[in-house]
Amino acid sequence: MITEDGRRPDYLRLSVTDRCNLRCIYCMPPDGVPRVGHDDLLTLEQTARLVGDIHSILGLRRIRITGGEPLVRKGVAGLISILPPGPEITMTTNGLLLCETAAELARNGLSRVNISLDSLRDDVLRAVTRRETSLGAVERGIRCAVEAGLGPVKVNCVVLRGVNDDELSRMVEWGAGMGVHVRFIEHMPLADGNPVRETVLRDEIAGLAGGGSPGRVIGTEETWTRGDGLSFGIIAPVSGNLCRDCRRVRLTARGVFMPCLSGVGKVDLRPLVLSGAGREDIVRRVIGAVNLKPERGDCRSLPMWRIGG
Ligand code: SAM
Ligand code: SF4
């Protein structure tokens, strides 16, 4: 489907849970998230059915499974095996549960993972995630993913002023040693009860990561090559205009379809599923929502743990 303004949304970010085993200071409110009963979530079968309906109209090229932390949702590997055939299936995860799950995820059709890691220092990791995490634990997850065939792995790092902005260059070198591609994300300040910090923007991130020259922006990422030949990515939701070429739509774990991260045009599909609505009804609502995808969305008001980043 091509929208009325000529964009082609063919990339679905599929959130399978609001819950997480971490409490990152830029994502989760300090006291965690309100507990959602299983009755408020789509079942895995309902999720697969809705994704099938969405795919039938949008012709999805890629589905990225996210959360919350997708690997805390029981049965997520099984979900992969019942998603519609065709689109590439990838996942964004904090990596901590990958050693238990990577082989089954790969067997069931997951092709690649992106893993979040914000520091190489354990004390900083513990402060950012508000949990007992460590670099070693995330490195183990990366190795398990690669062994299972879920590479090449990309590592996402949210840059936080005064917290991890002094280690970007070292992270690029660490990434080269681990055989992963590190991408730095501009911190999006959200109305989530966390301290608001001044965002470190693209140009400053590039300098802190070792400089060099930028290549083209592909998808949301601008890839930089340093003088020493090492490369890194920058994702700039704050200083860049990612909306212009945005091909993303989202389905939350509660069944809300969102044509834009800002929430404009969102439609709750779960009541339709529960009332036994047919494919035509769902498809009509999806088309209506996609046509409301704004040219530029204001993404400051929605929590990441609910919509999956
Ligand atoms: N739990 C998984 C993880 O952390 O990779 C998947 C869900 S998380 C919401 C998806 C992505 O959103 C992560 O890479 C995370 O770093 C990013 N993210 C969360 N809050 C953010 C914020 N305020 N600004 C920029 N990126 C953010
Ligand atoms: Fe959990 Fe990911 Fe949010 Fe961190 S960024 S709290 S790992 S959902």
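The numbers here are math on the coordinates, done by the rules we state, and not lab data. Small disclaimer: the values here were computed from a predicted structure and weren't measured. Using ideal geometry, Cβ is built from the backbone for each residue, glycine included, and neighbour counts are taken over all protein chains shown.
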Exercise. Mind checking which lysines have their C-alpha under 30 Å from Lys293, skipping anything on the same chain fewer than 8 residues away?
Worked result: Lys154, Lys266
For this session: List Arg35, Arg285, Arg296 from most exposed to least, where exposure is judged by having the fewest other Cβ atoms within 10 Å.
Result: Arg35, Arg296, Arg285
For this session: Within segment 234-275, which residues have the backbone N less than 15 Å from the label spot 7 Å out from Ile57 along Cα→beta-carbon, could you tell me?
Result: 249-252, 256-260, 265-273
Exercise. Under 5 Å between amide H atoms, partner at least 5 residues away or on a different chain: which partners does Val155 have, H built in plane at 1.01 Å?
Worked result: Ile115, His181, Val182, Arg183
Seminar exercise, completed: Expressed as a whole-number percentage, the relative contact order of the chain with C-alpha contacts under 8 angstrom and at least six residues apart is 21
Seminar exercise, completed: Classified through the alpha carbon gyration tensor (a ≥ b ≥ c as square roots of its eigenvalues; rounded if a/c is under 1.5, else prolate when a/b is larger than b/c, else oblate), the chain comes out prolate
For this session: Arrange Met178, Met1 by Cβ neighbour counts within 10 Å, fewest through most, would you?
Result: Met1, Met178
For this session: Sort Val36, Val200, Val180 so the one with the fewest other Cβ atoms within 10 Å of its own Cβ comes first.
Result: Val36, Val180, Val200
Problem set entry | Estimated dipole of segment 1-118 in Debye, rounded to 20 [Cβ of Lys and Arg +1, of Asp and Glu -1, Cα centre] | 260
Exercise. How big is the charge dipole of the chain about its Cα centre, in debye rounded to the nearest 20, if each Lys and Arg gets +1 on its Cβ and each Asp and Glu gets -1 on its Cβ?
Worked result: 640
